[in-house]
Amino acid sequence: MKHLLIAALLFCPVARGQVLLLSGGSSSLTPGSGASATLYLPDATIYGAIGYGAGRFQYAASDTFLWQKSIVTVGSKQIGFGFSGVGLGLNVDGISIEHKTKEFDVVLFAGAVGVSGYSTPFMISASNTHGGGGVFISRKFHDGVKLYNLEAVNGGLQTAAMGAQYDYRRTFSATLSAGVVNNAKLLDGSLTYHPWQGLNLYIGRQDYFSPFRATGDDAGVNYTWNQFSVGAALNESNSRAVTVKGESLTGSFREGILQEQVGYYHTSSRTLLNSNSVETINHRYIFSESVSRSNGVTSFSAGGGYTSNRLSVTLQHSIVFLLNGEGYQSVTGVSLSLKLPHDSAVNFQTVTVPTGQTLYTAYGTNYAQIGDAIPGQVVSHQIAGNFVISGICRDKEGPVSGCAVQVGKIIAYSNSQGEWSIRAKKKDAQAVAVLPAVFTTPGDWEIVSSPDSALPGKPLEIVVKRSQNIPVTTKPATDTTAPAETPPASRKNFWKRLWNAALGRG
Amino acid sequence: MKHSFAILMLILCASGCRAQTVSPIVAEFGKKANGAFQITNNTVQPMVVSLESYSFSLDSKGQHFRKLDATTHVTLSESSARLSPREVHEFNYRITCDVLPCYTTILSGMIVGKTQDGIQVRLILPHSVYTCQKKASKCREQALKEAGLLAKK
């Protein structure tokens with residue numbers, strides 16, 4: 001039955017489809033393999049996926065569409081909540097409704113809810129057994145404050161978390177999150193402060209839940225002046241009953257194609273000295289060399305990258321503070337992206353996660369244009385509907401051709417006599433909207449009068465006008481190439497204004 | 001001479017490659033006309049087409065359009081359409097005439113571009129429908145003969 005539903009969702013609307021995205025691949029980052037198909041229709045998105053991941057069979061089928069200004073998803077959906085450092089991925093096999101306004105964002109979801117979903121660039125799926133539901137609300141205030149609230153129940157796991165974020169211009173930013181996520185306590189936060197350009201102070205704490213519970217704390221300062229940059233940081237990790245503290249000092253400069261960075265990294269068990277050189281030859285080629293010395297052993301590594309429209313490949317080295325108790329480590333990342341003919345692409349990348357594992361993801365994608373929009377295919381509409389809704393579009397000078405009038409879901413354009421019509425299957429009244437933005441006749445247009453609805457057999461009259469208001473002036477034209485005279489800047493409160501500018505208040 | 005001919009062919013082909021087309025341009029029917037014609041958007045940009053129906057008559061000076069006769073009833077599947085790049089769009093129609101023969105043309109108007117001065121260029125392509133009492137295949141020939149536009153054998 002489920003497979004029938006998936007097939008019905010995937011293939012029924014193909015005749016009027018537009019773009020089909022096929023993806024498939026394998027990953028050890030989130031262990032598993034699978035494939036998915038996404039059909040982008042004018043008024044809906046159909047998604048289907050099948051594969052094996054996270055130790056179990058995975059599947060998904062969904063239909064996402066707009067309903068009364070809300071985004072509705074029927075079927076499988078992965079709801080990822082990320083706010084103020086809280087990251088919680090819930091999978092819903094059921095229904096979710098998202099409604100956005102300028103200030104509020106509300107997501108309601110219900111159905112089979114779980115955390116055993118599978119998410120990669122090539123497949124997103126959910127296979128849940130527990131019933132549940134929840135609500136996520138975010139509120140944005142005009143003075144830079146954002147508040148978040150997440151309440152969810154899935155099986156025996158409960159989530160109740162609140163978050164707050166505050167941004168003061170570009171100078172100060174603070175986030176705080178606290179609560180219970182899947183029955184585990186959570187307390188995250190961060191502060192960043194830019195007292196003046198180039199200087200950045202930060203402090204933060206973050207909890208990780210997968211693949212094991214870990215906590216990371218960091219604090220530091222960076223200062224950039226022209227081509228020079230220096231930084232100092234303190235790091236601490238706590239995982240599996242092991243606490244590691246570390247300090248680092250870094251300095252770098254950039255001159256021409258060369259960027260050189262040296263760093264001193266120290267933990268209680270080891271000291272690492274590293275020098276990393278990067279030569280950016282041009283927008284296509286980049287080379288890098290890295291020399292590290294730790295516990296009396298010197299190592300050398302080299303990398304580089306090549307980027308073109310078709311191929312992008314990079315091999316990079318960097319120093320990161322791992323949360324698995326190893327402290328500072330030199331990690332290597334490889335990425336490859338190759339674009340093939342017929343809108344296909346293959347991608348491969350390795351990632352060293354903060355817990356110390358180097359994992360890979362490999363996948364391919366293909367875009368295909370299908371349905372009505374196939375070049376050269378005949379699109380034919382039979383005479384359907386006995387009820388004609390028609391009208392005329394005019395301005396004060398007479399009929400207007402190229403008027404775009406939306407009746408229900410159909411858009412009609414007026415002919416040279418200003419006449420337009422559509423055929424309807426039902427006698428009911430239909431909503432009418434005039435769309436000046438898509439008029440085919442030149443100029444900017446405004447609606448003078450237009451009815452809101454239309455009934456078959458009662459021709460409508462739509463009145464529009466051009467809104468190209470060119471100001472009429474009797475003054476002689478001025479020479480626009482001459483610079484405008486501006487009054488000299490006031491010297492009053494000079495030091496106060498300079499101080500405000502340094503704080504980013506100017 | 002050869003050089004001039006090559007340039008002429010190049011100009012003709014170049015303009016033909018991106019021209020819009022209507023097919024067929026003529027259709028003949030008996031008492032009832034249930035037909036279709038296709039508009040091809042040969043450009044790589046969307047194009048809006050709007051349709052208008054006219055009656056026409058023929059005389060020795062050619063074809064003359066007039067407002068649709070009250071005795072002619074035209075039903076179109078769509079009065080306008082937005083064609084995707086390279087799309088071939090088929091318009092279906094049904095024409096019934098209280099008085100036969102009757103000659104109807106459906107004009108397809110479309111914006112095809114702008115001149116260098118910014119004046120919009122509107123292309124109008126006709127699809128003419130000849131509806132007769134008798135044989136459909138001889139309808140147009142008979143009309144042209146009566147108008148003196150067809151050389152007698």
Integer Hz, Karplus 6.51/-1.76/1.60 couplings in order for region A:21-27, x for Gly and Pro: 10, 10, 9, x, x, 9, 8
Shielding of A:439-451 by partner chains, average beta-carbon count, 10 Å: 2
Inter-label distance, nm, simple model (7 Å from Cα along the C-beta direction), A:K458/A:F287: 7.9 nm
Förster radius 30 Å - calculated FRET efficiency between B:T75 and B:L150, Cβ distance, rounded to 0.05: 0.50
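Quantify how strongly other chains surround peptide B:50-61 by giving the mean number of their Cβ atoms within 10 Å of each of its Cβ atoms.
Counting other chains' Cβ atoms within 10 Å and averaging over B:50-61 gives 2.
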Compactness of region B:113-153 - radius of gyration and Dmax, Cα, Å: 17.9, 51
Cα→Cβ-extended label distance, 7 Å offset, between A:T101 and A:I447, nm: 2.3 nm
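Quote to one decimal, in nm, the extra length available between B:E141 and B:N34 on full extension: 0.36 nm per residue of separation minus the C-alpha distance between them. Let's see the in-between values first.
Working: separation 107, 0.36 × 107 = 38.52 nm, distance 1.97 nm.
The span from B:E141 to B:N34 would gain 36.6 nm if fully extended.
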Among B:F91, B:T131, B:Q142 the positive-end extreme of the charge dipole of region B:20-146 (Cβ point charges): B:Q142
Per-residue average of Cβ from other chains inside 10 Å of B:84-90: 6
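Can you give the FRET efficiency to the nearest 0.05 for A:I257 and B:F65, using r as the Cβ-Cβ distance and R₀ = 51 Å?
In this case the efficiency is close to 0.15.
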Descending principal axes extents, region B:20-146, alpha-carbon based, whole Å: 47, 30, 25
In sequence order, calculated HN-Hα J values of region A:248-257 (Karplus, 6.51, -1.76, 1.60; Hz; x Gly/Pro): 9, 10, 9, x, 8, 9, 10, 9, x, 7
Bins of 5 Å from zero: percent of alpha-carbon pairs in region A:134-290: 2, 7, 12, 13, 14, 14, 13, 11, 8, 4, 1, 0
Theoretical FRET efficiency, 1/(1+(r/R0)^6), r = Cβ-Cβ of A:L22 and A:K185, R0 51 Å, to 0.05: 0.75
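At 0.36 nm per residue, and after removing the present C-alpha to C-alpha distance, how many nm does the segment from A:R466 to A:I410 gain when stretched out fully? Can you show the working numbers first?
Details: separation 56, 0.36 × 56 = 20.16 nm, distance 2.41 nm.
Between A:R466 and A:I410, full extension yields 17.8 nm more.
What are the trypsin sites (Lys or Arg not before Pro) within region A:227-269 that DSSP puts in a loop, where the Cβ has at most 14 other Cβ atoms within 10 Å?
Values: sites: A:R240, A:K245, A:R254; in loops: A:R240.
Qualifying residues, ordered by number: A:R240.
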Inter-site label distance for A:A437 and A:N309 at 7 Å from Cα along Cβ, in nm: 3.0 nm
Loop-resident sites, region A:263-369, for GluC sites (Glu not before Pro), counting at most 11 other Cβ within 10 Å (DSSP): none
Angle in degrees between helix B:2-17 and the longest Cα principal axis of chain B, rounded to the nearest 10: 70 degrees
Potential extension, A:S301-A:T332 segment - 0.36 nm per residue separation minus Cα distance: 10.2 nm
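A short reminder: the numbers here are calculations on the coordinates, not readings from a lab. Small disclaimer: the values here were computed from a predicted structure and weren't measured. No Cβ is skipped: glycine too gets one built from the backbone with ideal geometry, and neighbour counts run over all protein chains shown.
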